[in-house]
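Single-structure report; data block below.
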Amino acid sequence: MKVSLRERYFNFNRIMLLSIGLWPYQQSTLTQLQLVVLLSILISFIIFQFSRLIFVDYTYGFVLRMLSISSLFVLYVTKYISFWINIDAIKCTLERLQDVYNELTDKNEIAIYEEYGKLAKQYTIKFILVQASILSFAFVMESWPFIFDIVIPKNDTYTRHLINSLTSYYLIQEKYFFFVLLHINAAHAVGSFVLVGVGALFVSYGKCISGMFKIACFRLERAMAADTLQNIYLKNHFVTNKYIIGAVQIHRKAMEFADYLIYCFEKSLLFIAGTTVFCVSLNLYRMSQIEKPLEEIEETLTHFFIMFFVLVYLFIGNYIGQEVIDNNDELFITVYNIPWYQAPLHIQKLILILLQRNCKPFALNFHGIFVASLECFAMLVSASVSYFTIMISLQ
């Protein structure tokens, strides 16, 4: 009896998405209310940051600070809303992946699919651990002044330094310190859950698609195995046809799943790509404008970690896209390496169809503007540095 992919390999994804109201199989009224509340926290923090530009006398450096932080939270909100809008597509894709798994009958093919399912689960667990570490580190960094004031009290309290840093950063009165600190922590926690939950699910989908490409390669190799070719005239020649046709079918399904996800999310992902470039450029520029980084270590670390976090997230997304390209190319290589010349003419015609299809490269292509790959990651990083250079030159 086949297992449920949701229960075995997507259970951690379910937990993460349930925490932010985005699990497609549980969309009750209470869940919708939860989603609205969490989204309101993110949007209200963006509004708060831009409101500082209206109600205070700001400088050029202050504008840069607000924009560099706001760009990260715009990324959070865009991810949240785009996933919410396409939640039915997410559910449909998961069910179609389950259907592919249910159709598998060969134990080796099932093992391949389950292997990639385990890899997807491992990636999700790693993302959760990294997220927990980052949130814990942030909590410790904010809590140590209060702890030190109790353990090692002195005239000039450690908490005073934290209060002065935050109030001067946002140009707020001291009496609003705890409200702003609470708002920042809540918005950052929700945003990190959004990025990790949504990102981990897309990585899991990418792994399942890669598993389907691998199964297609396995079917081709099995169809053209030496013992199969030797017995092709003695036994039923339809066996070889079945494996080749099966390879073509699962290869086509993998491409259809990828194209379907791109079609649903391409507009929002294009905006997200632009936001990440803008965010990296602004934070890099802001870091370069800090005159004494060691004396303003809190602000320096804030902008550094934002830039680093966004770059890592951008790298992971493009790395999964590169894996899809590599797995599709592996099928093309497999078709070339199998002893197709030993097969009967009608089998060679089927293989020719595969070769013709693979002559056109397959990748996660977003409106032809960029293709998810390591090359695209390098291009986006280069664009960020270029915009940073332009900012420096216009200073």
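Some points to look at:
- By the helix-only formula, in which each DSSP H run with n ≥ 4 contributes -39500 (n - 2.57) and the sum is divided by residues, the chain has a 222 nm mean residue ellipticity of -29000 deg cm²/dmol.
- Between VAL63 and LEU374, the modelled labels are 4.0 nm apart [label points 7 Å from Cα along Cα→Cβ].
- Computed FRET value (nearest 0.05) for ILE392 with LYS91, which takes r as the C-beta separation and R₀ as 45 Å: 0.45
- Against the main long axis of the alpha-carbon atoms of the chain, helix 29-55 sits at an angle near 50°.
- At 0.692 mPa s and 37 °C, Stokes diffusion of the chain via Kirkwood alpha-carbon radius, µm² per second: 138
- Net length available on complete extension from VAL239 to THR105 is 46.8 nm, with 0.36 nm assigned per residue and the Cα-Cα distance removed.
- Cβ-Cβ FRET estimate between PHE304 and LYS349, R0 fixed at 41 Å, reported to 0.05: 0.10
- Think of a 1.4 Å ball rolled over the protein heavy atoms: the chain then has 51 Å² of accessible area per residue.
- 14 Å beta-carbon shell around ILE306, net charge (K/R +1, D/E -1): 0
- Candidates GLU109, GLU95, GLU291, ranked by Gaussian network fluctuation over the chain, Cα under 10 Å, top entry: GLU291
- Tilt relative to the chain, helix 107-151 - C-alpha long axis, 0 to 90 degrees, to 10: 10
- Extension gain, ILE333 back to GLU256 (0.36 nm per residue minus Cα-Cα distance, nm): 25.6 nm
- Cα centroid separation, segment 1-24 to segment 95-114 (Å): 18
- TRP23 sits with roughly 10 Å² accessible to a 1.4 Å probe, with DNA, RNA and ligands left out of the calculation.
- Along the chain, the longest continuous region that contains none of the trypsin sites (Lys or Arg not before Pro) in a DSSP loop with at most 15 other C-beta atoms within 10 Å is 236-395.
- Taking the longest Cα principal axis of the chain as reference, the axis of helix 345-358 is set at about 10 degrees.
- Expressed as a whole percent, the accessible surface of the chain that belongs to carbon and sulfur atoms is 65, based on a 1.4 Å probe.
The values are calculated or read from the model by the stated rules, or taken from the named source; none is laboratory data. Everything numeric here is computed off the predicted structure, so don't read it as measured data. Cβ coordinates were reconstructed from backbone atoms using ideal geometry, including for glycine residues, and neighbour counts include every protein chain displayed. With ligands, DNA and RNA removed, areas are computed over all heavy atoms of the protein, side chains included. Shrake-Rupley method; radii C 1.70, N 1.55, O 1.52, S 1.80 Å.
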